[in-house]
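Here the structure is laid out as structure tokens; the discussion comes afterwards.
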Amino acid sequence: MSFLGKMKENAVNPLRLTSLNHVSLLCRSLEESMNFYQKVLGFFPVRRPESLDFEGAWLFGHGIGIHLLGSTEPEKLPKKTAINSKDNHISFQVIFSPLSSLKPETLFRCTEALYSSKCESMAAVEKKLDEMEIEYVREIVEGRGIKVDQIFFHDPDGFMIEICNCDSLPVVPLVGGLAQYCAKVKLHQMGQPQPQTN
């Protein structure tokens, strides 16, 4: 590859990143947080390296890990406040399938869009959160003929979670490039190397 080609490649992805690996979160109660991420968001526990000599748990789901870290000073962790969609949060895309076909164990399994009824899917999320007595706020983002439904709620330690139907939201580079849609973005089209699949 030429010098200019290498410079262009590095300008697009200088660290050669391929994906988000995990999010680490401090928690007051490891048991309560594990229960939440498993039963509400559908993560499952995975083995941690033996060399980690502090309280914690690793979970995996939806292509990313959640690393829960037991706080040594739980009383100093911030308390839950009002749900604010502009606060730090992680967002998950909801399955798009008719409400009648959703099974409880797959309700929160985020995957590529199945192109069915988005409204029913978001209603199913609200119904499940109501059943679990989890407080949430619903918002709608609209613009340029696109409507995205968002639901925000807290984990047990006040970290914000968003569930959305963002597949129709275009990913439009600010400089050059063609618009892509969240459900159809291909890493190589965004100038990033594609992950290897076997």
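The values are calculated or read from the model by the stated rules, or taken from the named source; none is laboratory data. Predicted, not measured: the structure shown is a model, and the values here were computed from it. Here the Cβ positions follow ideal geometry from the backbone for every residue, glycine too, while neighbour counts run over all protein chains shown. For accessibility, only protein heavy atoms count, side chains too; no ligands or nucleic acids. Shrake-Rupley method; radii C 1.70, N 1.55, O 1.52, S 1.80 Å.
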Quiz item: Excluding same-chain residues fewer than 8 positions from LYS127, which aspartates and glutamates have a Cα within less than 13 Å of its Cα?
Solution: GLU135
Quiz prompt | Solvent-accessible area of HIS22 with every protein chain in place, 1.4 Å probe, in Å² to the nearest 10 | solution = 70
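Working out 0.36 nm times the residue gap between GLU133 and GLU75, then minus their Cα-Cα distance, what length gain in nm do you get to one decimal?
Values: separation 58, 0.36 × 58 = 20.88 nm, distance 2.46 nm.
Value of the extension gain: 18.4 nm.
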Quiz item: What list of ³J(HN,Hα) values in whole Hz, one per residue of the range 152-165 in order, does the Karplus curve 6.51 cos²θ - 1.76 cosθ + 1.60 (θ = phi - 60°) give from phi, with Gly and Pro shown as x?
Solution: 10, 7, 9, 7, x, 9, x, 6, 7, 10, 10, 10, 9, 10
Quiz item: How do THR18, THR72, THR81 rank by accessible surface area computed with a 1.4 Å probe, from largest to smallest?
Solution: THR72, THR81, THR18
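Only sites in a loop by DSSP and with at most 13 other Cβ atoms within 10 Å count here; which GluC sites (Glu not before Pro) in the range 25-91 make the cut?
Working: sites: GLU31, GLU32, GLU50, GLU55, GLU75; in loops: GLU50, GLU55.
Of the GluC sites (Glu not before Pro), the ones in loops of the range 25-91 whose Cβ has at most 13 other Cβ atoms within 10 Å are GLU50, GLU55.
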Quiz prompt | Neighbourhood charge, 9 Å Cβ-Cβ cut-off, centred on SER33 and excluding it, Lys, Arg +1 and Asp, Glu -1 | solution = -3
Self-check item: Projected label distance in nm at GLU55 and VAL23, using a 7 Å step from Cα toward the beta-carbon
Solution: 2.3
Quiz item: aspartates and glutamates within cross-link reach of LYS147: Cα-Cα under 17 Å, excluding same-chain residues under 8 positions apart?
Solution: GLU120, GLU139, GLU162, ASP167
